[in-house]
1. Averaging sequence separations of C-alpha pairs under 8 Å and six or more residues apart, then dividing by the length of the stretch 486-600, give the relative contact order as a whole percent.
2. Once you've got the Cα coordinates, tell me which of LYS410/LYS435; LYS513/LYS695; LYS440/LYS513; LYS125/LYS399; LYS125/LYS489; LYS114/LYS399 are over 28 Å apart.
3. Between the stretch 557-586 and the stretch 33-70, what is the C-alpha centre distance in whole Å?
4. Let me make sure I get this right: for the stretch 59-178, a, b and c are the square roots of the gyration tensor eigenvalues over alpha carbons, sorted descending. Under 1.5 in a/c it's rounded, otherwise prolate if a/b > b/c, else oblate. Which is it?
5. Quick one: dipole size for the stretch 606-704, taken about the Cα centre, charges +1 on Lys/Arg Cβ and -1 on Asp/Glu Cβ, in debye to the nearest 20.
6. Taking the number of other C-beta atoms within 10 Å as the exposure measure, put TYR38, TYR44 in order starting with the fewest.
7. For PHE434, enumerate residues with amide H under 5 Å from its amide H, sequence gap 5+ or separate chain, H modeled in the peptide plane.
8. Arranged from highest to lowest average of other beta-carbon atoms within 10 Å per residue, in what order do the peptides 344-353, 127-136 appear?
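What follows is calculated from the coordinates using simple rules that are stated; it is not laboratory data. These numbers were taken from a predicted model, which means no experiment stands behind them. Virtual Cβ from ideal backbone geometry, glycine too; neighbours counted across all protein chains shown.
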Amino acid sequence: MMRTSRLLSAAALAALVGCGGATSYVHSDSALGRVVVYRNGVAYFERNAHIEGDTLELSVPADKVDDFLKSLTVVDAKTGEPTPVSYPTSLPSSATGLISMQVKLSGPSPHDLKLSYVTEAPSWKPSYRLVLGDGGKVAVEGWAIIDNTSGEDWEDVNLGVGSSSALSFKYDLASVRVVRRESLRSDDAIAIAPPIGGSVYGGEVVMGDFSDDKLDAAVAMAEKPMAQAPAAYGGPPAPTRAAEEPKTEGWGGYGRSAGAKKGKAAPTPGAVSQTATTSPASAATSGADAEMDSLAARLKSTGKSVIVEGYAADSDADKLAGSLERANRMRAQLIKRGVDPSNVTAVGKGQVPGRPQGGARVVDAPRETSKGPTVDANAANSEPIGTSHYESNARTSVKRGSSTMVSILKSGTEGEIVYYYDPETPRGNASFPFKAVRVKNPTDNTLESGPVSVFGKGQFIGEGISEPIPPHQWAFVPFALDRQIVVEKTESDRDDIARILSVQRGVFSTEVKHVKRTKLTFHNRLPDKAKLSVRHTVPRDYTLKVDGFNDERVGEAHLLGLELGGGQSRELVIEESTPVFRSIDLHTPTGLDMVRLYVSSGAASGPLKAEIERLIRLQEQIGNLEQRIATMREQQSEYRTRQDELHAQIFSLRLVKTGDPLMRDLEKKLQEVNERLTRSTIELVNTQEELMLAKIRLQDAISELSLDKDGKKADDKPSGKAGT
């Protein structure tokens, strides 16, 4: 006679697979031996059972069967052989919602079985304590908070926690899957259906197509005054229609009324007749408006992303602009009727051969263009995911509906107090560095992200949040903001020529190094020395240059270290550069200055250097001439001022009879000033002429300057053989 051993009651098996709130009864011959809770929302359970019969019956909640079937293993403890599990394919109809599973056991009784499975469970939560000691020593403690919501007491179990990159998901294994197959008979005559046709525009599903006339009619209806507008736009309620709106057919299923072929429907009693008062033009306008309403209602109900394609007409002077204007008008009408603006994109298609003139149509947006490419929220974090596993050395009991905090780490490690300047992350501060603990993970496991309480000298000094810390790696945990170190920041940029690719008529094709310069000035208001770490992320395609400072990495960011003495100020200059290809015109002062700087750095050589040095000499000559001209103009201004003074004095002395000796002296001085002014004017004219000639020589030299990428003149030709 077959004997059946029921391992767990219905309520107990509900607890077995994580169904909370049940009253648990566990068979006396079975025991929960081990529980490991993970961070990805599941827990691993191990049970041992001693079965006197040859059948083990399990009762599992229907909504937990999929998890149960994915992970359940039942193994004979003596032979190590797995045993099959059977269960009904139909869903339970009982109020308990339990599915009965049976394990058939072969061989003589009794049987010792080992069961293991994975099911839903709350993620465990880490919490850490850091106790600062002397001499760079830190005591670190880690705790795991575990919640038992399974509905079953965990009595005297080995309790552990873990985390890894393992994925977990729900998957339907309980449902019956039927594959639809084609039915054939040998005597049947088969009519082969044609393949489904597709749009020549790329396979889009056309949801609506409006000609210019229909689009104008819909816009006109939507923009009617309030008294004339339908109730949908805030106007008075529309009269009851005599019949449903007639369907239309034509372009994309829209166009002329299908009801025109079938006659009029009988008016509804009490309805207001529309026939006598509605002109053909107003009927067309109303029909276009109803069609637009119907399209908008479909888009709102489905929430689809669509593209409105506008098309140009022959009368459009600017085809692209005309098509885009139609697309935007169509989009505005859909939005006015309640469609989410983020789901509608307007695109101008210009004039398309074979397409009727003008108008706009609405098509399903391709997946990749509906709202832009999908970006994984976690893609920006490129840090490797570590693995951790902690298991309690002592057996633990956790009552159902309660939580426990178990120790997972207690160790000494290296660490120190530093200041951590983080102006980049959302919780950072651009003006003051945070006080932080720089600590090393002493274990072979990754320390999961969690809160950290920091203690020092027998007192609480702050708390922070840690990022995941890989095994035996350093990390920073900011825990206080004391504002003892102040930061001043200035930014600038410049362009330096890295190399010259070619020169054509004085225009340089160059590879320019665009340099971003950030100067950070730190002021230490403490009387003691302070260590400082600066977080800085280098933009993509830029190269970092920092001289004289330690450079570590924290994720994608650099960590630059320096020390500040008590009351000291110190600068940290960060330079980042990226290559940019640019044309530089030597006809401009800025361009010539950049090239002069390039030559002075020693980067240029050969014919290029000689040509540039000649241009620089010409520019220096022009600069000297301009300076001389400015000096002579100042002298002439002084001479003219002196002339005016002497003229005034001479005029005054003519009224004095005894002023002849002084008059002669003043007239002599006036003559000398006049001679100097004349000589200066002649010299100024000559210098201006010389300046004009120098500028012409410079412009000619610049225009004639043409070199190839090898630094040779562009018009140079290879010399022939000797004797030719």
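1. Numbers: 231 pairs, mean separation 37.4, N = 115.
Once divided by the residue count of the stretch 486-600, the mean separation gives 33 percent.
2. Values: LYS410/LYS435 24 Å; LYS513/LYS695 30 Å; LYS440/LYS513 39 Å; LYS125/LYS399 18 Å; LYS125/LYS489 39 Å; LYS114/LYS399 23 Å.
Distance filter (> 28 Å) returns LYS513/LYS695; LYS440/LYS513; LYS125/LYS489.
3. 59 Å
4. Details: a/c = 2.81, a/b = 1.93, b/c = 1.45.
The shape class here is prolate.
5. Details: 16 positive and 18 negative charges, 64 e Å.
In debye, rounded to 20, the stretch 606-704 gives about 300.
6. Numbers: TYR38 20, TYR44 17.
So the residues, fewest neighbours to most, are TYR44, TYR38.
7. Here the answer is TYR420, TYR421, ASP422, since their amide H atoms fall under 5 Å of that of PHE434.
8. Numbers: 344-353: 16.7, 127-136: 15.1.
The packing order, highest mean first, is 344-353, 127-136.
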